[in-house]
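Below is one structure, written out as structure tokens; the observations come after it.
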Amino acid sequence: MKTNKMIAMILAGGRGSRLYDLTKNIAKPAVHFGGKYRIIDFPLSNCANSDISTVGILVQYESILLNSYASRDHHWGLDIKGGGVYVLPPREKDATGLGVYRGTADAITQNIDFLDQEDADYVLILSGDHIYKMNYDKMLKEHIKNNADATIAVFEVPMDEASRFGIMNVDDNDQIIEFEEKPKNPKSNLASMGIYIFSYKTLKKYLKEDEKNNNSDHDFGKDIIPAYLNNGLKLMAYRFEGYWKDVGTIDSLWEANMDLLSDNNKLDLFDNEWKIYTEDIVSLPQFISDDAKVKKSYITQGCVVFGNVTSSVLFTDVEVKQDATVKDSVIMNGSIVEENAVVERCIVAENVTIPRNFKIIAKENEGILLVTQKLINERLGNKK
């Protein structure tokens, strides 16, 4: 008897321009998070934990590092017979001449042959730049039980923030009756998480039709979902109540790292029931000296701490030297905070050296500051 096979497709091709220099040379899903992880570890680990064995990663912008990283599918236990992680870049085809993905829906359209090859019954569409834990198998069971054509994961947001999201308006049975993209006057607070399950046979038909439409943006939110609704197909909302964060900005990336330190941390990276898997980093153990003062912080392997670290996340191979102070900050891989330097409310990019006696502090009303070596050099130059 044929089982219901669901293929996951992770959209991982965005530029991530709002993360500035962090995504200058790498795709946003490959950005480090939480000390030892990369952002894409979360949807990949969710797939592994949900018993989804076949995952396609649709890459485009600055994809070399992401390609090599994601192809090591053994990190997530996805290197099994009949499954695996497949990196799917845009392809130039005779019929279209395309060499890029024109939108989220077009990315799937260009890979219909992959879905056909894998004999998909259902397609799970995911974003590669969200931090969360989710059991996709539970969502699929709800999709099948409701006999839905599509099921969309939704997350309740504060009503005063709802205008920032795509909003799903539902009836008493959580069937979606209207979709509004960033409405000025939202009717509900059910925000789309960009996580969709589609019954593949129907989706394939709509994607083929959308491909021929020259007026389409070839986007799920703008085109495919409205087309489903306009034609009376059954779309259901799947309410998600766990931790979820879109880390598409410097502030949101900082907030997600700080959330790890919260007493009410819903993400809980220490949960053995739903592990987040990542690459095995070859680095020395952490070292914290007798003179160091560390409070409520993540200190990853390879870190050497002689100074003061409070409410901060230190990524692999970070050094905090004598009498240096790091507070409410994220210090990325290989960076060094020299003697008597002060860093507060910042994200320090990889391999940056904060000079001796240098202070860089972001005030609460100014947002989080991304500290790069270029910024340090500019400020030193200004002082001269």
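With all protein chains in place and a 1.4 Å probe, the accessible surface of the chain carries 44 percent carbon and sulfur.
For the chain, what does the helix formula give at 222 nm: sum of -39500 (n - 2.57) over DSSP H segments with n ≥ 4, over the residue count, nearest 500 deg cm²/dmol?
Working: 9 runs with 77 residues, N = 384.
That comes out to -5500 deg cm²/dmol.
The gain in end-to-end length when the residue 173 to residue 378 segment is fully stretched comes to 68.1 nm, 0.36 nm per residue minus the alpha carbon separation.
The residue list 35, 77, 54 was ranked by how far each Cα lies along the charge dipole of the range 3-153 toward its positive end, using unit charges on Cβ atoms, and 35 comes out on top. Among 253, 229, 203, the residue with the largest mean-square fluctuation in a Gaussian network model of the chain, with springs joining Cα atoms closer than 10 Å, is 229.
The alpha-carbon of residue 187 sits under 13 angstrom from the alpha-carbons of these aspartates and glutamates, leaving out residues fewer than 8 places away in its chain: 156, 160, 161, 171, 178. When you filter the trypsin sites (Lys or Arg not before Pro) in the range 106-162 for DSSP loop state and at most 16 other Cβ atoms inside 10 Å of their Cβ, nothing is left. For the chain, the per residue solvent-accessible surface stands at 48 Å², with DNA, RNA and ligands left out and a 1.4 Å probe.
In debye, nearest 20: dipole of the chain around its Cα centre with unit charges on the Cβ of K, R (+) and D, E (-)?
On the way: 45 positive and 57 negative charges, 114 e Å.
Charge dipole, the chain, about its Cα centre: 540 debye, nearest 20.
Charging the Cβ of each Asp and Glu at -1 and of each Lys and Arg at +1, and nothing else, the dipole of the range 96-211 about its Cα centre rounds to 120 debye.
The values are calculated or read from the model by the stated rules, or taken from the named source; none is laboratory data. The shown structure was predicted, so the numbers you read here are calculated from the model rather than taken from an experiment. Positions of Cβ are backbone-derived with ideal geometry, glycine not excepted, and every protein chain shown enters the neighbour counts. Just so you know, the surface numbers come from the protein's heavy atoms only, side chains and all, with ligands and any DNA or RNA stripped out. Shrake-Rupley method; radii C 1.70, N 1.55, O 1.52, S 1.80 Å.
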